[in-house]
Amino acid sequence: MTAALKRCVWWLLAALTAAAAPAFNFTQAAIDNGEALARLNAEAVRAAKELAGRGGPNSTCTPDQLRVRREWRTLPAEERKAYIAAVQCLQSSPSLIDPSTAPAAKSLFDNFVIVHLNQTGIIHNTANFLLWHRFFTHTYEQKLRNVCGVLPYWEWGLDVAGPGASPVFDGSATSMGGNGAFFPHEGLRIPQTYANATLRLEPGSGGGCVGSGPFANMTVHVGEKLLWNYGSPTASATERPLDDHPRCLKRDLNGHVARRYTSFRNTTSLILENEGIEMFQAVMQGDDRYVAGELGVHGGGHYTIAGNPGSDPYISPGEPVFYLHHAQVDRVYWIWQMLDFANRRVSRPDMLPAAAVLPVTYADRLEKDVFGTLTLQNNPPSRNGTLDDVVDISPLGEPIQLRELLSTVGGSPLCYVYE
């Protein structure tokens, strides 16, 4: 049987055996207070455990093997301290990248920043955005696991009233550090090329060096590549970002951005109102080819933290909360997948967007787990992404095909859910 025929048969079996996607009828109050999202999460857990249970006795991911990622504030204080200690351990662990080629590679933590920096143009507003970052955060979790257990996530919706009061950012010994020192400044001005507009953000509540909590004395090493300036649609950049540029960690916590882009309503609407991967990932990322004047929950989370390196899309993994934020991004994607996994694994040709640039063969049209090309907003123009494309974050992990990352309960390497 040919590979194409196998895919056709798989799709037919999925179509015949798949249960209908659950229907939800939430009140606006339930959407706004997070109750709806909690119910969606519970349904995703149920579906994921059922899917893991179908793997058989030789599966590398069964229901009793599932690791559970939990929200930061639900962790006991000792678990939060253990996670913080693991991050600090990573920041003092030897680099896998030769410092002679990248002097900023002072530690294993810096290696993650450099890998992201080098691939930024091929992992945002691309076909692989969600799955690349799924594997990136999984690999980070693996490096931490011997010390801290499982990667937590940051539920943005809980903190829209004031990020500075959040257990993530309150500056206590069990937080990820406090806000940056305040100084008066204008908000960021972020140009959107396709919309021919500039997104104007309100000023944040900090902007300077983080002065409290476990990361108050942290040193950032990788240089700026695209750090937006306050009050101007321009950005700062170092000529050689891989040289060592030692400086403090800065934050500019921004409740205005949080309320506008990362509320429970934002997240729940994203999940419920976008059936296909094309629009789901476009709305999530605020892709201005589709939605002008938006950041999406992805950009909203980053600019709620802001600062340096948090506001620079190339080197934002240098902000320790990056990984909690991207665990939440992955959680939202995971919930969306699990609510209708069979149909969101394989889409019928008649479900594809009319504007999509479709592959040539019918068999290829069946695979729409990914949508888009290989370059940021297809600039420069590139081919469509496929499930055969490879995520290569060497030297942090072994190369892996996108198809191996579609299910968080697929085993080898993924076996986790969110609660």
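All of the numbers you see were taken from the coordinates with simple rules; none came from a lab. Predicted model, so just to flag it, every value in this text is computed and none were measured. Cβ: placed from backbone, ideal geometry, glycine included. Neighbour counts: every protein chain shown.
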Check: With labels modelled as points extended 7 Å from the Cα through the Cβ direction, what inter-label distance (nm, one decimal) is found for ALA85 paired with ARG247?
Finding: 3.3 nm
Check: Which cross-chain or sequence-distant (5 or more) residues have an amide H under 5 Å from the amide H of ALA235, H modelled 1.01 Å from N in plane?
Finding: ASN229
Next item on the list: In a Gaussian network model over the chain where Cα atoms closer than 10 Å are linked, find which of THR60, THR193, THR408 has the largest mean-square fluctuation.
Entry: THR193
Note to self: What does the net charge come to around VAL283 if you take all other residues with beta carbon closer than 11 Å to its beta carbon, with K and R at +1 and D and E at -1?
What the structure shows: -4
Item checked: Degrees separating the helix 129-148 axis from the principal Cα axis of the chain, which is the longest one -> 60 degrees
Notebook entry, point to check: Taking amide hydrogens as modeled 1.01 Å from N in the peptide plane, which residues meet the under 5 Å criterion relative to ASP244, leaving out close sequence neighbours?
Noted result: ALA104
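About the Cα centre of the range 33-418, how large is the charge dipole given +1 on each Lys and Arg Cβ and -1 on each Asp and Glu Cβ? Please answer in debye to the nearest 20. Can you show the working numbers first?
Numbers: 33 positive and 39 negative charges, 94 e Å.
Approximately 460 debye in magnitude.
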Next item on the list: Give the angle, between 0 and 90 degrees and rounded to the nearest 10, that separates the Cα long axis of helix 35-53 from the longest principal axis of the Cα atoms of the chain.
Entry: 60 degrees
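Over the chain, what number does the Rg to Rh ratio reach, with both radii from the alpha-carbon atoms and Rh per Kirkwood? Kindly include the intermediate steps, with their values, before the conclusion.
Details: Rg = 20.8 Å, Rh = 22.0 Å.
A ratio of 0.95.
Please compute the net charge surrounding ILE305, taking Lys and Arg as +1 and Asp and Glu as -1 over other residues with Cβ under 13 Å from its Cβ.
Details: positive: LYS250, ARG251; negative: ASP159, ASP252, ASP312, GLU319.
Overall, the nearby charge balance is -2.
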Note to self: As a quick test, which of the pairs LYS143/LYS225; LYS106/LYS225; LYS225/LYS250; LYS49/LYS143; LYS81/LYS143 have an alpha carbon distance above 22 angstrom in this structure?
What the structure shows: LYS143/LYS225; LYS49/LYS143
Check: Taking K and R as +1 and D and E as -1, what net charge do the other residues with C-beta under 13 Å from the C-beta of VAL391 add up to?
Finding: -3
Next item on the list: At 7 Å along the Cα-to-beta-carbon direction for both THR238 and THR198, put a label point, then send me their distance in nm to one decimal.
Entry: 2.7 nm
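Report, in deg cm²/dmol and to the nearest 500, the calculated mean residue ellipticity at 222 nm for the chain, where each DSSP H run with n ≥ 4 adds -39500 (n - 2.57) and the sum is divided by the residue count. Walk me through the numbers on the way to the answer.
Values: 13 runs with 149 residues, N = 419.
My calculation for the chain gives -11000 deg cm²/dmol from helical runs alone.
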Next item on the list: Treating the angle as unsigned and between 0 and 90°, give the value, to the nearest 10°, between the Cα long axis of helix 108-119 and the longest Cα principal axis of the chain.
Entry: 60 degrees
Next item on the list: For the chain, set up a Gaussian network in which alpha carbons nearer than 10 Å are linked by springs, and say which option among GLN88, GLN328, GLN65 fluctuates the most.
Entry: GLN65
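Nearest-5 percent of antiparallel DSSP beta bridges in the range 33-418?
Values: 18 of 22 bridges.
In the range 33-418, approximately 80 percent of DSSP beta bridges are antiparallel ones.
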Notebook entry, point to check: Along its principal axes, what span do the Cα atoms of the range 53-102 show, with the longest given first and each in whole Å?
Noted result: 49, 32, 13
Next item on the list: Would you mind checking which residues have amide H under 5 Å from PHE169's amide H? H placed 1.01 Å from N; only 5 or more apart, or other chain.
Entry: MET176
Item checked: For the range 220-228, 3J(HN,Hα) per residue [Karplus equation, 6.51 cos²θ - 1.76 cosθ + 1.60, θ = phi - 60°, Hz, x = Gly/Pro] -> 8, 10, 6, x, 5, 10, 7, 9, 5
